[in-house]
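Report on the structure given below.
What follows is calculated from the coordinates using simple rules that are stated; it is not laboratory data. Please read these numbers as outputs of a predicted model, since none were measured by experiment. Reconstructed Cβ throughout: ideal geometry from the backbone, glycine too, with neighbour counts over all protein chains shown.
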Amino acid sequence: MTESHWEDLRGRTVRYRDRTWELTGDLEVHDTGELLAIDGQGDDDTGVNATLYFGLQGSSESINPGNLGEHFDRIERTPDGQFIVVNTGPRTYRYRLHRLEQT
């Protein structure tokens, strides 16, 4: 696991389970880079925090956690879900939001 902070990701929002979550920019890259765990805060006054898990879609290769850098590109919302798009220059990776754990 590799921990990082992507400043360009901070303040972005995603919608999951009828709530909006604001991302902090703090993330952990698990396994071989196939899973991103990103911290978020709920959109209400309860102060509920969560970790949102994004799994790699459509590729057998993944971002290199040993050379992570700050490669956040954008958030995509499609009928298939919400994605974090990571662009490292020669490659683009799409990570789909698939679960959330409240902390």
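Which of Phe54, Phe72 has the fewest other C-beta atoms within 10 Å, and how do the rest follow up to the most?
Working: Phe54 25, Phe72 21.
Going from least to most buried by this count: Phe72, Phe54.
Starting from the amide H of Arg12, placed 1.01 Å from N in the peptide plane, find each other amide H under 5 Å away whose residue is 5 or more places distant or on another chain.
Leu23
Test of understanding: ordering Val14, Val85 by Cβ neighbours within 10 Å, fewest first, what list do you get?
Listing Val14, Val85 from fewest to most nearby Cβ atoms yields Val85, Val14.
Are there GluC sites (Glu not before Pro) in the stretch 1-94 that DSSP puts in a loop and that have at most 15 other Cβ atoms within 10 Å, and which ones?
The qualifying sites are Glu61, Glu70.
Say a paramagnetic label sat at a point 7 Å from the Cα of Thr46, along Cα to Cβ; which residues of the stretch 76-103 have their backbone N under 19 Å from it?
Answer for this model: 99-103.
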